[in-house]
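Report on one structure; see the data block that follows.
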Amino acid sequence: MSLRKLFLEIESGAFAARLNLASGSRLAFWTLDADPALNRLEEELAEDPQKALIVLGRVEQLVRINVDHRYENPHDAALSAYCWVLAKSNRGLGRVAAHLLGSSRQTWWARKVADAVLENFPASTKDTETKTAPAQVEFFEGVAQRELDEDQTASAIYLLASLSTGTGKYSLISALTSASKLSSSSRAEVLGWFQQLSDPVLLPYREHEEHGEYDDEVVEWAY
Amino acid sequence: MSGEPIDEGSEHDTRSLQLVSKNGTWIRNVRKDERPPSAMEDAEAFAQAQCPGITTRSLSSTYNCAGLIFAARRTVVFMGELKRVLRDDEYELITQRPRLTPGDLITYKARQDGEILHIGVVLSVRLVPADAEIEVTVLSQWGFDGEYIHSELNVPASYGQIREYFSERRGI
C-alpha cells in the first residue's frame, strides 16, 4: 500500500475516533501498537527505512498547520501515530519527531507519545546516522517522486539536511532538490527555513545567488 | 518537552482542578481542550458503528470516563488513580449482580489483575424473566469520543470484558 493511502487512513476521523476511545495512556498506547494501519506503515518502513523521512516530513508539515484556538489540534491522533511508528522504526528520527511535536499546539495524545519517546529513547551518538548522500539522492529520484507532493518533498529535504551532521549541507540540498525536480519556489522555501534558523550554510548561497551561481564550499554546521 | 510540568496532574500543575477524594488526598487530573465538532461527529458515527444500539447522551471531549464519575465532567482524571479513589471514597465491591442498583459503578478491565480501562455508572437494572437474567444499562464517557447510554456488554472490545461493580451505598 502506498504511503499516501496510509496517510489518508491514519489522518482519518475513524482513526482519531479509535484512538480517542482511550481514557488513559495505557489503552491509547495499546491501541497505537495494535492498529492495523500503523502496523502496515511499520512494515513499509522496515522494507525501506528511508521512507521514515517521508513520515517525518509529514509530521513537520502537520505541525506547521495553524490550529483553531477554540479546539484541540485536529491532527493530534495522526501526529501521535507517526511519532509512535517512527520511534519504533528509527530511534533517532523518533526523537526528532518528538521534538517537533513540542511545537505543535493544543495536542493531547501527541504530547503524551512524544514525552514517552523522549523518556524511553535517550539520545545516543548513533541517532543522527543517515544514509550517504548518493543513497538519499537515489531515494528522491525513485520513491519520493511517487509518494510525495511538492510540499512534502520540500519538508523531507529540509529534514534530511537538518539531520546531516555538517559538511556539504548545501551541496546535499542542491543535489536533493535537483533529484526530486523541486520547483525553484519550493527550493527557495527549503532554504528559507534554514534562513529562519540563521543557518551559516546559507552564507555562501546568499552571496552566490546574487551572481546566479552557487558554491560547493564545505561549511561546518553547528547543530 | 519544554514548558510542560514534570508532575503532571498534581496540585502544582496549573492545568489541574482542585480535586480530592473523601479523605482529602489529591486526585490527579488535567483539563483538556474540546475536540473540533467534525471530530466528534466522526466519533459518534464510529461508536454507533462499533456498538449498534447505543444512545448518544453528549458529545464533549473535555473529560474522560473517570472525569464524568469523579469530577462531574469538569476535567480528565488519571486512570491510574481509580483504584485508590474507589478505596478512599469507601466504595465496596459488589459480587452479586442482583444487588446492583442505579448509581452504582461498573469497571472494565482486560485482565483480572490489570488496570481499569473504563468506568461507568449504572442507570438501570432490569430482571428479564424469560432468561432469569439481570439486564444492566450503563451511562459512560467513551474516552474522548462522547457520552453514551449502553447495555453492560455493549462496549468497544478494547475496554475488556472483565467487569466489576462498586457501590458506596449506606444504610441499606
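Counted residue by residue at 0.36 nm each, then reduced by the alpha carbon distance between them, the extension gain from residue B:73 to residue B:101 reaches 7.9 nm. Counting Cβ atoms of other protein chains within 10 Å of each Cβ in B:31-44 and taking the mean gives 5. Taking the fewest neighbouring Cβ atoms within 10 Å as the starting point, the ordered list for A:69, B:118 is A:69, B:118.
Measuring between their Cα centroids, the range A:17-63 and the range A:76-99 lie 7 Å from each other.
Mind running the shape call on the range B:74-172? Use the C-alpha gyration tensor, a ≥ b ≥ c as the square roots of the eigenvalues: rounded below 1.5 for a/c, prolate if a/b tops b/c, oblate otherwise. It comes out oblate by the Cα gyration axes. Between residue A:39 and residue B:130, the simple spin-label model (points 7 angstrom out along Cα→Cβ) gives 3.8 nm. Only DSSP H runs of four or more residues enter the estimate; each adds -39500 (n - 2.57), and after division by the residues of chain B the mean residue ellipticity at 222 nm equals -4500 deg cm²/dmol. As a proxy for reagent exposure, B:170, B:31, A:105 were ordered by neighbouring Cβ count within 10 angstrom, fewest first; the result is B:170, A:105, B:31. Positive end of the dipole of the range A:1-108, charges at C-beta (+1 Lys, Arg; -1 Asp, Glu), about the Cα centre: which of A:23, A:73, A:45 has its Cα farthest in that direction? Highest projection toward the positive end goes to A:73.
Here the Karplus relation 6.51 cos²θ - 1.76 cosθ + 1.60, evaluated at θ = phi - 60°, turns the backbone of the range A:108-119 into coupling constants of 10, 5, 4, 5, 5, 5, 4, 4, 5, 5, 5, 6 Hz, with x for every Gly and Pro.
Over 23 Å apart at the Cα level, from the set A:88/A:112; A:112/B:22; B:22/B:83; A:5/B:109, are A:112/B:22; A:5/B:109.
One equal scatterer on each Cα of the range B:118-172, no solvent, Debye formula: the resulting log10 I(q)/I(0) at q = 0.18 Å⁻¹ is -0.70. Hydrodynamic estimate: the Kirkwood radius of the range A:6-74 over Cα pairs, inserted into Stokes-Einstein at 4 °C and 1.567 mPa s, corresponds to D of 96 µm²/s. For residue A:78, neighbours were defined as the other residues whose beta-carbon sits under 9 Å from its Cβ, and their charges (Lys and Arg +1, Asp and Glu -1) total -1. Roughly how tilted is helix B:37-50, in degrees to the nearest 10 and between 0 and 90, from the longest Cα axis of chain B? So the helix axis and the longest Cα principal axis differ by about 30 degrees.
Taken together, the values in this text are just the output of simple stated rules run on the coordinates, not laboratory data. All values derive from a computational prediction rather than experimental measurement. A quick note on method: Cβ atoms are made from the backbone with ideal geometry, for glycine too, and the neighbour counts reach across all protein chains shown.
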